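Have a look at the structure below, then the notes.
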Amino acid sequence: MNDKTILVVDDDMDLLEMVESIFERAGFTNILTAVSGREAIKVWKDQQPDLIILDIMMPGLDGLSILKEIRETSNIPVLLLTARGEAEDRVTGFESGADDYLVKPFHPKELLLRVKVILNRAYPQKNRKIYLESAVVDLEKAEVQRGSHQFPLTGKELTLLEKLFENAGRIVTTGSLCGAVCGEFWQGYESTLSTHIRHLREKIEDNPSKPVSLVTYKGVGYRLNIKGAK
């Protein structure tokens, strides 16, 4: 995904340079920038980027107006940036066709995570498979092959595995997993998450009561261990 072209639009030059630096350090090689709405429209039409990170509050042609014009002809993924985080503003952004919404100031890791999630969703990789100790998970087919047995994954199980796979070898917090399934209003979902985890283990583990691929870190979250990884 690091070869995808990303257009960053903001009238703040310092922020543009910061975002460009964040992506370059993360290994992205094709970053375009624009400091105004009209410039953004021109770069989008001329360069055809794979994703646009778009500031809302800009003089002249603002971000929502740019998004509206883009959506007349294109479904390119768009992540909105704004200093306004009220729920009504987020709803307006999504209703205008945004794929995601990030409030300033933001953490670099959160920006990268949101962009990677959008890119993975918009440009799915074929033959995405997870090789575990006792099973192989085919994310495209949403199924698990364990020995001679095949197990279909539910939508929520697939979402959880994708989230864990994105962070393979690292602990993913309970809140992050609940949020991946339910969105921002995930509080109270923890017990249901435990049920999903148990069902996943029944499909991917030889001995679900002693898991080696999907491990619990009590009070923190879960980690997915890939076969052969250290």
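The values are calculated or read from the model by the stated rules, or taken from the named source; none is laboratory data. What you are looking at is a predicted structure, and each value in this text was computed from that prediction instead of being measured. Note: ideal-geometry Cβ built from the backbone for every residue, glycine included; neighbour counts use all protein chains shown.
Some notes on this structure:
- Cβ pairs under 6 Å, 6+ apart, first in segment 2-18 and modelled with pLDDT under 95, second aromatic (F, W, Y) and not in a helix (DSSP H, G or I): N2/F28
- Residue list for segment 135-193, filter: polar (S, T, N, Q) and either modelled with pLDDT of 85 or more or assigned by TED's automatic domain parsing to the domain that holds D100 (or both): Q145, S148, Q150, T154, T159, N167, T173, T174, S176, T192
- Looking at segment 78-174, the strands (runs of 3 or more DSSP E) lying wholly inside it that each contain 1 or more residues that are of a type in the set (S, T, Y) and at negative phi sit at 78-82, 100-103, 129-131, 171-173.
- Matching residues in segment 9-42 - criterion: being buried (at least 17 other Cβ atoms within 10 Å of the Cβ) and within 16 Å of L113 (Cα to Cα): V19, I22, F23, F28
- Restricting A180, A142 to those that are touching a helix residue (DSSP H, G or I) at 6+ places or on another chain (Cβ under 7 Å) and surrounded by fewer than 19 Cβ atoms within 10 Å (Cβ to Cβ) reduces the list to A142.
- Among the residues of segment 155-195, the ones that are among the hydroxyl-bearing types (S, T, Y) and in contact (Cβ under 8 Å) with a residue 40 or more places away in the chain come to 3 in all.
- Tally of residues being over 14 Å from P49 (Cβ atoms) and out of contact with any Leu (no Cβ under 8 Å at 6 or more places or on another chain) across segment 16-37: 7
- Taken across segment 32-44, residues that are closer than 30 Å to R128 by Cα, assigned to a helix (DSSP H, G or I) and in contact with a Ser or Thr (Cβ under 9 Å, 6 or more places away or on another chain) do occur, with at least one present.
- Subset of segment 94-131 that is under 16 Å from A168 (Cβ atoms) and β-branched (V, I, T) - its residue that is farthest from the chain's Cα centre (by Cα): I130
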